[in-house]
Amino acid sequence: MADQRLPQLLVLGTQEVSRISRELGLSQVLWSATAKDYSTTDSDLITRRVLDASERDGIILLHDIYDGTVPAVPGIISALKERGYTFVTVPQLLAPATAEPGAVCKP
């Protein structure tokens, strides 16, 4: 179930989300940087926001459902690689620890 996402449960309280996550065997993975891509279609702005907020061991939140996001991703990846960043999966980032069901994982 590691690749499954919970549906957006913003209307539920934190404890309820934790309970449901635990029941489904999933953990909650939070982020350290966001481009607020839901508020703009400007790919250059999305890129700048991500690059300004990126940091070691961070997780970047992006939404592929917004028009400006997907076009911004290649530039974001290239710029971060130039800065020496390596891209890993969440389990690789958390290693040697593992994400426990219901737990909240923060970068």
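The values are calculated or read from the model by the stated rules, or taken from the named source; none is laboratory data. Only a predicted model underlies this, so the values are computations on that prediction, with no experimental measurement involved. Virtual Cβ from ideal backbone geometry, glycine too; neighbours counted across all protein chains shown. The area values use the complete protein model at the heavy-atom level, side chains included, leaving out ligands, DNA and RNA. Shrake-Rupley method; radii C 1.70, N 1.55, O 1.52, S 1.80 Å.
Solvent exposure of the chain amounts to 71 Å² per residue of accessible area, where only protein heavy atoms count and the probe is 1.4 Å.
Phi-derived couplings, Karplus 6.51 cos²θ - 1.76 cosθ + 1.60 at θ = phi - 60°, listed residue by residue for the stretch 47-53: 4, 4, 4, 5, 5, 5, 9 Hz, with x used for Gly and Pro.
Taking amide H as placed 1.01 Å from N in the peptide plane, the amide H of residue 104 sits under 5 Å from that of 28, each at least 5 places away or on another chain. On the beta carbon distance between residue 97 and residue 30, with R0 = 22 Å, the FRET formula returns roughly 0.90. Shape analysis of the stretch 20-91 places it in the oblate category; the axes a ≥ b ≥ c from the Cα gyration tensor give an a/c of at least 1.5, with a/b not above b/c.
Given the rule -39500 (n - 2.57) for each run of at least 4 DSSP H residues, summed and divided by the residues of the chain, what is its mean residue ellipticity at 222 nm, to the nearest 500 deg cm²/dmol?
On the way: 4 runs with 41 residues, N = 107.
Estimated from H runs of four or more residues: -11500 deg cm²/dmol.
In the chain, the portion of solvent-accessible area held by carbon and sulfur atoms comes to 53 percent [1.4 Å probe, whole percent, DNA, RNA and ligands not counted]. Contact order for the stretch 20-89, expressed relative to its length and based on alpha carbon pairs under 8 Å spaced 6+ residues apart, stands at 32 percent.
Take the alpha carbon gyration tensor of the stretch 62-107, find the square roots of its eigenvalues, order them as a ≥ b ≥ c, and report rounded if a/c is under 1.5; if not, report prolate when a/b exceeds b/c, else oblate. Cα axes put the stretch 62-107 in the oblate bin.
Here the Karplus curve 6.51 cos²θ - 1.76 cosθ + 1.60, taken at θ = phi - 60°, turns the phi angles of the stretch 35-45 into couplings of 8, 6, 5, 6, 9, 8, 10, 7, 4, 5, 5 Hz, with x standing for Gly and Pro. Distance between the modelled labels on residue 104 and residue 64, one decimal in nanometres: 2.7 nm (7 Å Cα→Cβ projection). Between the amide H of residue 35 and those of 61, distances stay under 5 Å, these residues lying 5 or more places away or on another chain, with hydrogens modeled in the peptide plane.
Sorting 88-100, 52-64, 36-48 by average packing, meaning the other beta carbons within 10 Å per residue, from highest down gives 36-48, 52-64, 88-100. Each label point was placed 7 Å from the Cα along the Cα-to-Cβ direction; for residue 90 and residue 48 their separation is 3.1 nm.
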